[in-house]
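First up is the structure itself, then whatever we jot down about it.
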Amino acid sequence: MDQQTLIEKTIEIRKHAYIPYCKFAVGAALRTKSGKVYTGCNIENAAYPVTCCAERVAIFKAISEGDLEFVEMAVAADTTRPVPPCGSCRQVMSEFFPKDMNIHLTNLNKEVTTFTMESLLPFSFTEADLLGE
Ligand code: THU
């Protein structure tokens, strides 16, 4: 699957976003080494902080299926610039994504900016820090 097809899946899955509060739909699509694509949309909650972002929904879907080898991700929203993932999502991505993995950020104008995991969240907190290595 090419980058464009992955991006189209992010636009498609935005339709399922549960967004009664912010009315701001986000879509994510995550490709694994096995060739599968896991999609995610944001799911809000009346208790606002419980909301789960589209990126984490896609990542957690894949992990819950035992699919942990990630190859490429795309994220889309109706933003002026390609949508920047929030800090919490970047930290979750950094737990699972290789440092050189590409993350394509886009908007409805199909503007795309691609970051590597390392460039999206440099100097991230890792297991090595936790273990004092
Ligand atoms: N949101 C995402 O889904 N991903 C992000 O990286 C940024 C924010 C969602 C959460 C909430 O439903 C809405 O966008 C506004 O913050």
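The values are calculated or read from the model by the stated rules, or taken from the named source; none is laboratory data. A quick note: this is a predicted structure, and the numbers were derived from the prediction, not measured. Glycine gets a Cβ as well: all are built from the backbone with ideal geometry, and neighbour counts include every protein chain shown. SASA here: full protein model, heavy atoms, side chains in, ligands and nucleic acids out. Shrake-Rupley method; radii C 1.70, N 1.55, O 1.52, S 1.80 Å.
Mind counting the residues in the stretch 47-58 that are within 9 Å of the ligand (Cβ to nearest atom) and of a type outside the set (Asp, Glu)?
Here is the first cut: in the stretch 47-58, the residues within 9 Å of the ligand (Cβ to nearest atom) are 48, 51-57.
Now narrow it down to the ones that are of a type outside the set (Asp, Glu): 48, 51-54, 56-57.
Residues flagged as within 9 Å of the ligand (Cβ to nearest atom) and of a type outside the set (Asp, Glu) within the stretch 47-58 amount to 7.
Run down Glu44, Glu133 and say which single residue is over 15 Å from the mean Cα position of the chain (by Cα) and near the ligand (Cβ under 10 Å from one of its atoms).
Details: Glu133 fails: near the ligand (Cβ under 10 Å from one of its atoms).
It is Glu44.
Mind counting the residues in the stretch 102-119 that are out of contact with any Phe, Trp or Tyr (no Cβ under 6 Å at 6 or more places or on another chain), surrounded by 13 or more Cβ atoms within 10 Å (Cβ to Cβ) and more than 16 Å from Thr10 (Cβ to Cβ)?
2
Since Gly87 meets every condition but one in (1) open to solvent by less than 70 Å² (accessible area, probe 1.4 Å); (2) more than 15 Å from the ligand (Cβ to nearest atom); (3) among the small types (Gly, Ala, Ser), which condition does it not meet?
The single condition Gly87 does not satisfy is (2).
Among the residues of the stretch 26-39, which ones are near the ligand (Cβ under 8 Å from one of its atoms) and small (Gly, Ala, Ser)? Break it down into steps so the answer makes sense when it comes.
Taking the stretch 26-39 as the starting set, the residues that turn out to be near the ligand (Cβ under 8 Å from one of its atoms) are 26, 28.
Ala28, the sole residue that qualifies.
Give me the pairs, please: first residue somewhere in the stretch 53-65 and under 13 Å from Arg31 (Cβ atoms) and among the aliphatic types (A, V, I, L, M), second residue anywhere and part of a helix (DSSP H, G or I) and open to solvent by 50 Å² or more (accessible area, probe 1.4 Å), beta-carbon distance under 8 Å, and either six or more positions apart or on two chains.
So the pair list comes out as Ile59/Phe96.
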